[in-house]
Structures are given as structure tokens and as C-alpha cells.
Amino acid sequence: MKNIVLTLLGFMLFNSCNTDNKSITDYNNYPTPVNENLWLKYSKASTSFKLWSPNAEEVVLRLFKTGNNSEPYANYTLTKENNGVWQIVINEDLNGIYYTFQVKESSKWLDQTPGIYAKAVGVNGKRAMVLDMNSTNPIGWQKDKSPQLNHPNEAIIYELHVRDMTIHPQSGSYYPGKYLGLTEKGTIGNNNASTGIDHLKQLGITHVHLLPTFDHYSIDETNLDTPQFNWGYDPNNYNVPEGSFSTDPFNAEVRIKEFKQMIKAFHNNGIGVIMDVVYNHTGKTDTSNFNLEVPGYYYRHWEDGSYSDAAACGNETASERNMMRKFIIESVTYWTKEYHIDGFRFDLMGIHDIETMNEIADAVLNINPDALLYGEGWTAKDSPLPEKKRALKKHMQQLPKIAAFNDDLRDGLKGSVFEDKSIGFVSGAMNTTESIKFGIVGAIQHPQIHYDSVNYSDAAWTLEPWQSINYVSCHDNHTLVDKLQISRPNANMESLIAMDKLANAIVLTSQGTPFLHAGSELLRTKYGEHNSYNLPDSINQINWEWKNNHKQVFDYYKNLIRLRKEHPAFYMSSANEVRKHLKFQQNNDSLVSYTIEDHANNDRWKNILVIYNASNQNIDYNIDSIWYKAVSGSTFDFEGLQKLKDTIEVPALSMYIAFQK
């Protein structure tokens with residue numbers, strides 16, 4: 001009975017909301033002060049508050065001594081200026097004072113909101129705080145530097161969740177699950193195995209990609225003693241770090257200070273930080289901070305007034321509208337300037353329009369020319385935004401400064417993520433070699449690829465190889481080893497490990513930008529769970545005992561990364577270079593081989609031969625003239641001491657690399 005009542009109530013609320021929605025044409029006629037600075041402006045002498053709400057009849061600012069559980073000590077009515085901007089200047093030092101806005105529209109007071117431009121918030125993000133941001137900077141912050149890249153595909157990206165990396169008891173962290181847990185040097189697990197940031201430095205990656213670390217709804221920050229977990233794809237306050245990863249979410253400045261300390265620790269170790277951002281939808285709809293300022297405006301709707309839902313999360317934002325575009329661009333540039341962020345991964349980027357994404361790229365790269373920008377080139381459901389305007393994978397040639405995930409390679413390597421039993425190249429599938437070749441060249445146009453046989457794409461979709469984010473696993477879907485085990489249930493562990501190593505060997509020797517799921521190098525398992533977004537630590541954590549159990553796998557990944565970093569032939573900067581230097585040799589259902597010739601990208605090796613053997617048998621591979629062995633199975637010889645002549649014996653389920661001096 002309770003469920004029926006709730007369903008009816010939800011239906012009534014949904015329909016009542018729809019009757020209030022205006023048409024898209026009306027939204028486009030709103031005054032849009034795109035050049036107005038709507039961010040809070042603080043000084044010791046005064047603080048300026050602004051809010052854009054063109055249809056508001058009244059806007060009130062409430063001031064509080066605390067971030068929760070207190071009554072306002074002062075209320076101020078804002079004055080309406082031009083283009084729907086309300087503002088007030090309070091001539092006193094408000095540093096440390098919390099505040100909310102409240103909008104009256106159609107004779108009705110909406111709920112209080114911290115405002116979409118809030119920079120600091122109290123517990124659970126309900127109240128914003130006036131804060132001197134300079135006071136949150138760690139020592140040496142002015143001299144903090146991001147890693148420099150000559151080309152984007154020099155980066156080796158490692159996707160992690162803040163909590164996962166240090167929550168396991170063997171992480172050795174004093175701050176398990178916190179930002180500060182990723183600043184600690186010298187943490188070890190059993191057998192003195194490095195953990196945390198030392199592990200990442202030992203592995204050799206260049207950038208961490210943090211799953212959402214802006215303030216999100218899912219975690220109750222007032223109750224952190226109760227086990228809670230979430231990936232964080234339910235945005236609340238976009239311009240503030242998530243409080244549950246801080247040591248004190250009740251005090252607004254703490255999360256900011258500790259987030260910056262984490263960034264600086266990564267930078268001190270030569271590691272860049274990429275933020276996973278979710279501007280395509282909000283965690284709530286009718287009561288989101290956007291709708292509590294300007295109801296309806298920031299979202300797309302169908303012709304009947306209902307919210308469209310390309311995100312499959314209840315709503316989708318309207319990036320093409322002036323004030324939403326302004327907000328997204330200013331938000332990413334704020335993170336870039338204030339927090340020294342080194343790039344952004346855009347969740348369901350296909351929901352955003354191409355023009356907005358290009359403006360984002362220009363704005364961010366103008367501040368940090370080495371920033372990495374990439375996203376998911378698809379939507380979850382349909383959208384009112386015409387397909388030709390969407391920032392989809394197939395439109396990446398219209399997004400020349402942005403990269404997209406290559407699901408053609410991902411599923412070509414291991415099988416479809418949507419079909420448990422589906423297999424790929426490394427697990428014995430037929431007819432996948434063109435998808436593998438497509439990934440190797442970074443989804444560019446190459447004369448030796450038959451595009452009609454590529455997984456999901458019938459044409460090249462990048463202008464340059466770095467625009468292809470090459471990967472085989474990420475936080476979504478099964479981990480790599482879980483997928484292999486589920487799709488090949490009769491394979492023994494030795495074979496599964498060989499498949500795993502071969503899959504990421506292909507990723508790390510391809511021309512696109514390589515991307516690794518945290519823990520892949522330790523054979524990370526989620527025990528068969530494919531959607532662990534809210535599952536407990538026992539499923540999601542990095543178990544540092546894996547590093548002892550799978551040391552040879554870790555060493556293999558570490559050597560793969562070293563190989564790539566030492567040999568620029570594996571990350572040529574342009575499509576023309578790839579077409580000139582990379583030539584495919586033999587291929588069949590279980591074999592792909594190619595050469596990279598003539599000191600490509602100024603590599604010290606003149607010619608490189610790469611062989612991927614996905615068969616269960618050793619193969620004899622004929623060669624002309626003299627070569628030197630660099631990689632065979634799990635063995636790496638970076639100096640190439642062994643001569644090869646006539647025939648190479650390539651071990652089963654492995655990558656082989658030879659070179660000529």
C-alpha cells in the first residue's frame with residue numbers, strides 16, 4: 001500500500017511540475033547576462049552577493065553562524081538590477097559566515113539554496129560559506145606546477161576513486177578513504193609493498209583520473225561512521241570538493257584545504273590530476289540548486305514540457321543555453337585556476353553540444369596548455385538536442401582539442417560490456433582484428449584498415465591519434481579479469497592472467513592515449529559485480545594483498561609503462577606520422593603484427609616490430625635480417641642483448657617486441 005501511495009504522489013508531483021514548465025522558446029527569450037560576474041566577491045571590507053533569477057519576485061539572502069542546525073542571524077533582500085541579476089553588498093568582514101539564497105516566484109517561496117556558484121559549503125552542501133580562498137592554500141601553492149606534456153598521448157591515465165585507494169586495512173594509511181590518504185608517502189602493506197601515492201609513482205603513470213570529487217548528494221556527511229559508498233555521479237554543488245573525503249565535512253574550509261594538499265602531493269610526485277565532471281545532469285531535478293534559482297531554464301524538455309533524460313538519471317542539462325554554457329565554462333576554469341586541476345573527463349559528453357565543448361577546451365587550454373580533455377562520446381538515452389549538434393564520438397573531428405573513449409577497441413579486446421558471455425580478441429573471438437588495428441592507430445584514417453569490419457564505427461572518427469582514449473576497462477562494468485573469467489569460465493588462472501596482460505599490452509603500445517582502471521595492474525576483482533556504484537568497500541576497495549599475490553603482473557604493467565615512456569614511437573603526435581611510420585604486417589583472427597619504421601617520433605630504435613599473439617599456441621614468426629629482442633612473454637630486455645635471425649618464437653597469449661638499431 002505504501003508503495004502505491006508513493007507512486008501516486010510521485011505521479012501527481014511530476015505532472016504538476018510539467019504544467020509549470022515553459023516552452024523551450026520561452027527559455028531562449030530569457031535575458032542572459034553572459035558577461036556578468038555571478039561569483040561571490042569577498043574582501044575584508046565587504047562581500048558582494050549576486051544571483052541570476054529573471055522571473056523572481058523577490059530574493060532573500062540569509063546569514064548563519066554555522067553550516068547546519070542554526071537559525072539565520074540576519075536576512076537581507078536583494079535588489080534587482082539589469083538582465084534578471086539580483087545583488088547586495090554587505091560592508092563587513094563575513095569570512096567564515098554561512099549563507100543561503102531564497103527565491104520567490106509565482107507568489108511562492110522556493111527552498112533555500114547555496115547558489116550554483118558556491119565555492120565553499122557546510123555539511124551536505126546545504127549552505128554556502130563566505131571564505132577567503134587564499135587562506136586555504138597549502139605552503140608553496142604559488143609555486144605548484146602541473147606536469148608538462150609535449151603531446152596528449154604522452155599521458156598514461158589511471159582512473160581511481162579516492163576512497164578505494166586507501167580504505168583497505170593493508171593500505172597503511174593514517175587517513176583511510178580521505179584526500180589526505182593520497183598525500184602520504186612511505187605507506188606500505190604486507191611484505192613492505194608500497195601503497196597509495198608511492199605505488200602510483202612506482203607504477204609510472206603520469207595522471208590520475210579521480211572519479212567525481214565535487215560535492216555530491218549520495219553520501220550523508222553527518223553520518224560518516226555508518227558505512228556508505230558511492231561513485232558520486234549525482235552532482236550537488238559543482239564548484240566545491242566532496243566533504244566525505246575530508247577529515248571534517250562540517251567546516252567548509254577543511255575539504256578545500258585538504259583537496260589542495262592532495263593536488264600538490266600528486267604534483268610533487270610528477271603526477272597530474274584529472275577531474276571526472278558531470279555537467280550533463282543534476283542529482284536532483286525539481287529541487288536542484290539550478291531549479292531553485294531559475295526553475296526549468298537549465299534543463300532540456302520535450303515538447304510536452306516534461307524533462308528529457310538523455311542521462312538516464314532523471315534529467316539532462318541544456319548546455320546550448322547561454323547561462324548553462326556560461327556556468328560550465330566558468331566552472332571548469334575555476335577548478336583549473338583555483339585548484340590547479342590538469343584536465344577533465346566529461347561524463348556522457350554526447351549530451352553536451354559541440355559548440356560548448358569547443359569553448360570549454362579553448363578556455364581551459366588557455367589557462368593550462370597541458371590540460372587533458374576527454375569524455376564519453378555517447379548518451380544514455382535520446383535527447384531533444386539534434387544529433388548533429390551533439391559531442392558524440394562520431395563527431396570528434398569537429399572537436400579538435402578533445403578526446404573520446406574508444407569503445408571499439410575496448411569491446412574488440414575483451415567482448416561487449418553489455419553481454420557477459422561475449423568474448424574479444426584476447427579471449428578467442430573471431431573477426432576482431434580490424435577493431436584492434438583501429439585502436440592501434442588511434443581511430444584515425446589509415447590505408448590498411450577495413451572500416452566496415454570495425455566494431456561500432458564504419459569510419460575514422462579522430463583527426464589525430466591522441467583523440468582516442470584507448471582502454472579495456474574502467475569503473476563501469478566488470479573489471480578486466482572478472483570479464484575474462486565470466487566470458488571464459490573454463491580458462492585456468494594462468495590463461496586468464498595472460499589474456500589480461502595482453503589486453504593492456506595492446507592498450508599501452510597503441511598510438512591513442514592509454515587509460516588504465518585502478519588495480520588492473522593487481523588483477524583487481526569486484527567478485528563478478530558489474531555495477532558497484534553504491535556497493536560496500538568489500539567490493540570496491542583496492543585490496544593491497546593483491547600486490548603480493550600478483551607481483552609478476554604488477555611488474556609486467558610497470559615494465560609496459562616504462563617501455564612506452566622510453567619509446568616515443570608508441571605515441572606519435574599526428575595522424576600523418578602514424579600513416580607514414582606504422583605499417584601492418586600479418587594478421588588473422590588470433591594475430592596482429594605491425595612495424596613502426598624509421599626512428600618514428602625520434603625514437604632511438606630505428607625499426608620496431610610488435611606482435612600480438614592471442615592464440616593458445618606458440619607461433620613461429622618469420623623475419624628478414626637481424627633484429628633484437630625487447631619483450632617476450634613476461635620478459636623485458638630494454639637493451640636488446642639477444643640477436644634474432646630468420647624466425648621468432650612468440651609465446652602463446654602474449655605480446656612480442658623486437659627492434660632494429
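The values are calculated or read from the model by the stated rules, or taken from the named source; none is laboratory data. Only a predicted model underlies this, so the values are computations on that prediction, with no experimental measurement involved. As a convention, Cβ positions derive from the backbone with ideal geometry for all residues, glycine included, and neighbour counts pool all protein chains shown. Accessible surface areas use protein heavy atoms only, side chains included; no ligands, DNA or RNA. Shrake-Rupley method; radii C 1.70, N 1.55, O 1.52, S 1.80 Å.
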task = Identify all residues within segment 524-569 that are within 18 Å of residue 160 (Cβ to Cβ) and among the basic types (Lys, Arg); write none if there are none.
result = 524, 526, 547, 558
query = Among (1) under 17 Å from residue 510 (Cβ atoms); (2) surrounded by fewer than 15 Cβ atoms within 10 Å (Cβ to Cβ), which single condition is residue 549 missing?
reply = (1)
request  = Out of the residues in segment 376-421 that are touching a strand residue (DSSP E or B) at 6+ places or on another chain (Cβ under 9 Å), of a type in the set (A, V, I, L, M) and farther than 21 Å from residue 364 by Cβ, state the one that is surrounded by the most Cβ atoms within 10 Å (Cβ to Cβ).
outcome  = 409
ask   = Failed condition for residue 358, given (1) touching a Lys or Arg at 6+ places or on another chain (Cβ under 8 Å); (2) open to solvent by 30 Å² or more (accessible area, probe 1.4 Å); (3) of a type in the set (S, T, N, Q); (4) within 24 Å of residue 55 (Cβ to Cβ), with all others met?
value = (4)
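Among the strands (runs of 3 or more DSSP E) confined wholly to segment 1-115, which include 2 or more residues that are hydroxyl-bearing (Ser, Thr, Tyr), at pLDDT 95 or above and open to solvent by less than 30 Å² (accessible area, probe 1.4 Å)? Break it down stepwise before answering.
Numbers: elements: 47-52, 58-64, 74-77, 85-90, 98-105.
Correct list: 47-52, 98-105.
For residue 634, are the conditions met, namely being among the hydroxyl-bearing types (Ser, Thr, Tyr), within 30 Å of residue 430 (Cβ to Cβ) and touching a residue at least 40 places away in the same chain (Cβ under 8 Å)? Give the derivation first.
On the way: among the hydroxyl-bearing types (Ser, Thr, Tyr): yes; within 30 Å of residue 430 (Cβ to Cβ): yes; touching a residue at least 40 places away in the same chain (Cβ under 8 Å): yes.
Taking the combined requirement at face value, the residue satisfies it.
Within the group 199, 209, 216, which residue is of a type outside the set (Lys, Arg) and closer than 17 Å to residue 258 by Cβ? Lay out the reasoning, then the answer.
On the way: 199 fails: closer than 17 Å to residue 258 by Cβ; 209 fails: closer than 17 Å to residue 258 by Cβ.
The unique qualifying residue is 216.
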query = For segment 483-495, how many residues are part of a helix (DSSP H, G or I) and surrounded by fewer than 21 Cβ atoms within 10 Å (Cβ to Cβ)?
reply = 5
query = Among the residues of segment 217-234, which ones are over 14 Å from residue 177 (Cβ atoms) and part of a helix (DSSP H, G or I)?
reply = 222, 223
key: Leading residue by the ranking (farthest from residue 441 (Cα to Cα)) among those in segment 393-418 that are polar (S, T, N, Q) and touching a Phe, Trp or Tyr at 6+ places or on another chain (Cβ under 9 Å)   = 397
message = Return the residues of segment 200-210 that are crowded, with 22+ Cβ neighbours inside 10 Å and part of a loop (DSSP other than H, G, I, E, B); say none if nothing qualifies.
response = 205
task = Please go through segment 173-183 and pick out each residue that is open to solvent by less than 50 Å² (accessible area, probe 1.4 Å) and without any contact (Cβ under 8 Å) to a residue 40 or more places away in the chain.
result = 173, 181
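How many residues, within segment 615-648, are hydrophobic (A, V, I, L, M, F, W, C), in contact with a Gly (Cβ under 7 Å, 6 or more places away or on another chain) and either outside any strand (DSSP E or B) or surrounded by fewer than 20 Cβ atoms within 10 Å (Cβ to Cβ) (or both)? Before you say what the answer is, go through the steps one by one.
Here is the first cut: in segment 615-648, the residues hydrophobic (A, V, I, L, M, F, W, C) are 619, 623, 626-627, 630-631, 636, 638, 641, 644, 648.
Within this subset, residues satisfying the condition of being in contact with a Gly (Cβ under 7 Å, 6 or more places away or on another chain) are 630.
Filter again for either outside any strand (DSSP E or B) or surrounded by fewer than 20 Cβ atoms within 10 Å (Cβ to Cβ) (or both), leaving none.
The number of residues fulfilling the criteria is 0.
For every residue, the table says whether it meets (1) of a type outside the set (A, V, I, L, M); (2) under 16 Å from the mean Cα position of the chain (by Cα); (3) more than 30 Å from residue 100 (Cβ to Cβ).
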residue	(1), (2), (3)
281	yes, yes, no
284	yes, no, no
306	yes, no, no
323	no, no, no
359	yes, no, yes
369	yes, no, yes
376	yes, yes, yes
380	no, no, yes
message = If the requirement is being open to solvent by 10 Å² or more (accessible area, probe 1.4 Å), free of Cβ contacts under 8 Å to residues at least 40 places away in the same chain and not small (Gly, Ala, Ser), which of these qualifies: 191, 150, 134?
response = 134
